[in-house]
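The values are calculated or read from the model by the stated rules, or taken from the named source; none is laboratory data. What you see is a predicted model, and the numbers here were worked out from it, not measured in a lab. Please note: Cβ atoms are built from the backbone with ideal geometry, for glycine as well, and neighbour counts cover all protein chains shown. Keep in mind that these areas ignore ligands, DNA and RNA; they rest on the heavy atoms of the full protein, side chains included. Shrake-Rupley method; radii C 1.70, N 1.55, O 1.52, S 1.80 Å.
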Amino acid sequence: MRRFSTDLLIDQQFYYEQIAGNGCDSETRRVAEARLAEIEAELARRNGQEPHQGQRSRWPHVPLLDLLREFGATMRERKLGKWVGDHPWRHSSKSGECLVCYPDTGFWKCMSCGVGGDAAELVADYFGCSYAEACSWLENRFGAAPSA
């Protein structure tokens with residue numbers, strides 16, 4: 001079922017308020033932030049923008065394309081700043097272009113299964129671990145994420 005933009009805006013406000021609340025635990029916050037990112041990507045898509053346009057990843061120092069290739073994805077540049085490839089650890093793809101990566105912003109998304117996000121969400125998707133465990137893995141390998 002397709003959702004109207006007003007529904008998405010209401011959900012967006014709900015998740016903003018949930019994140020801003022002092023009483024939420026780290027797992028609730030992580031889920032809210034992930035859902036908020038999905039909503040913002042969908043709203044951007046409906047407005048004709050690329051996902052994550054104008055946003056920066058928490059992990060700008062992580063070479064996202066190299067990580068995708070290391071995990072088995074075959075990536076190629078589709079247009080300047082946009083790379084496409086497959087998502088082999090999760091499913092097969094007839095076109096081999098379901099996974100989209102924007103290395104300049106540090107985000108990726110699979111257009112087939114809808115999974116996506118920053119480098120930590122990529123690691124969590126690949127290893128099947130939590131976001132916190134993925135952050136630890138990235139910190140051990142590439143160093144701590146820079147402060148905002």
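Across the range 91-124, which residue is nearest to Arg35 (Cα to Cα) among those that are part of a helix (DSSP H, G or I) and within 10 Å of the chain's Cα centre (by Cα)?
Glu121
Considering each of Gly143, Gly114 in turn, give the residue that is surrounded by fewer than 21 Cβ atoms within 10 Å (Cβ to Cβ) and within 21 Å of Thr28 (Cα to Cα).
Answer to the check: Gly114.
Could you grab the pairs with beta carbons closer than 9 Å, sequence gap of 6+ or different chains, first residue in the range 134-147 and within 12 Å of Ala119 (Cβ to Cβ), second one buried (at least 18 other Cβ atoms within 10 Å of the Cβ) and aromatic (Phe, Trp, Tyr)?
Going by the 9 Å Cβ cut-off, the qualifying pairs are Ala134/Tyr126; Cys135/Trp59; Leu138/Trp59; Phe142/Trp59; Ala145/Trp59.
Of the conditions (1) at pLDDT 75 or above; (2) surrounded by fewer than 16 Cβ atoms within 10 Å (Cβ to Cβ), Glu17 clears all except one; give me its number.
Failed condition: (1).
For the range 64-76, check the following and say yes or no: at least one residue is open to solvent by 90 Å² or more (accessible area, probe 1.4 Å), small (Gly, Ala, Ser) and modelled with pLDDT of 65 or more.
no
Run Ser130 past the list (1) open to solvent by less than 20 Å² (accessible area, probe 1.4 Å); (2) over 20 Å from Ile39 (Cβ atoms); (3) in contact with a helix residue (DSSP H, G or I) (Cβ under 8 Å, 6 or more places away or on another chain) and report the number of the one that doesn't hold.
All conditions pass for Ser130, except number (1).
From the set of residues in the range 39-63 that are open to solvent by 90 Å² or more (accessible area, probe 1.4 Å) and within 12 Å of the chain's Cα centre (by Cα), which is modelled with the lowest pLDDT?
The extreme case among them is Arg56.
Name the residues in the range 59-99 that are touching a residue at least 24 places away in the same chain (Cβ under 8 Å) and over 23 Å from Arg141 (Cβ atoms), would you?
Lys82
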